[in-house]
1. Scan the range 92-104 and give yes if some residue there is out of contact with any strand residue (DSSP E or B) (no Cβ under 8 Å at 6 or more places or on another chain) and either buried (at least 16 other Cβ atoms within 10 Å of the Cβ) or at pLDDT 95 or above (or both), otherwise no.
2. With the structure loaded, tell me whether TYR107 is in the same structural domain as SER143 (by TED's automatic domain parsing), modelled with pLDDT of 75 or more and of a type in the set (Phe, Trp, Tyr) or whether it fails that test.
Amino acid sequence: MLTKIKWIVVLISFCLVLSFFYGFQYYNQKQATDELLSELIHQNEKVKEAQLNQEGDMIIIDVELDYVNNLQYAESNIGKDVTRILGDREFEIEFKDNRNDFLEEVYYRVHYSLQEALVKGNYTEMSRAIEEILGQYQIDHYSFIVEEKAIYFQLKSGNNFLYEKLPRVPCKIITSNGESDIK
């Protein structure tokens with residue numbers, strides 16, 4: 001009986017030591033990856049601040065930038081660096097901006113056109129409508145870029161700027177012959 005208890009104690013002790021060892025390894029690896037990633041992101045001269053957060057399997061990277069003329073290009077560059085470190089792990093980059101009430105009001109006026117274009121795909125019409133609205137305001141710079149996965153919209157007035165990334169959702173289209181297509 002005494003030998004059974006000793007083997008159980010040894011087995012439980014072994015399992016505990018093993019789990020502590022792997023837990024410590026995981027923590028150290030995660031810490032090293034986070035530090036390397038943070039360092040790499042901060043090497044970008046437009047990045048003022050970056051913070052990494054884990055939400056389930058997804059890594060959320062909050063990035064505060066100086067104003068950039070092309071938000072999609074900035075995200076692409078940061079994304080390439082992040083992919084080099086994380087490989088195929090899922091991540092999302094979220095940008096912090098320096099918006100004020102004026103820019104929020106302007107965005108509120110144009111967001112209908114942006115949302116309609118996301119649903120209908122009428123990007124040329126969206127462009128005309130937004131340019132007409134923005135012509136009514138004193139805006140130093142604006143940009144909207146339509147790419148495969150999102151529309152990037154940005155405004156700048158003085159020292160304030162607003163960034164919006166609107167994800168495009170694939171649509172299922174039923175053709176006249178009954179076949180469906182994802183766009």
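The values are calculated or read from the model by the stated rules, or taken from the named source; none is laboratory data. Predicted model only: the values in this text are computed from it and were never measured. Neighbour counts run over all protein chains shown; Cβ positions are idealised from the backbone, glycine included.
1. The answer is yes, given that some residue of the range 92-104 is out of contact with any strand residue (DSSP E or B) (no Cβ under 8 Å at 6 or more places or on another chain) and either buried (at least 16 other Cβ atoms within 10 Å of the Cβ) or at pLDDT 95 or above (or both).
2. Spelling it out, TYR107 is indeed in the same structural domain as SER143 (by TED's automatic domain parsing), modelled with pLDDT of 75 or more and of a type in the set (Phe, Trp, Tyr).
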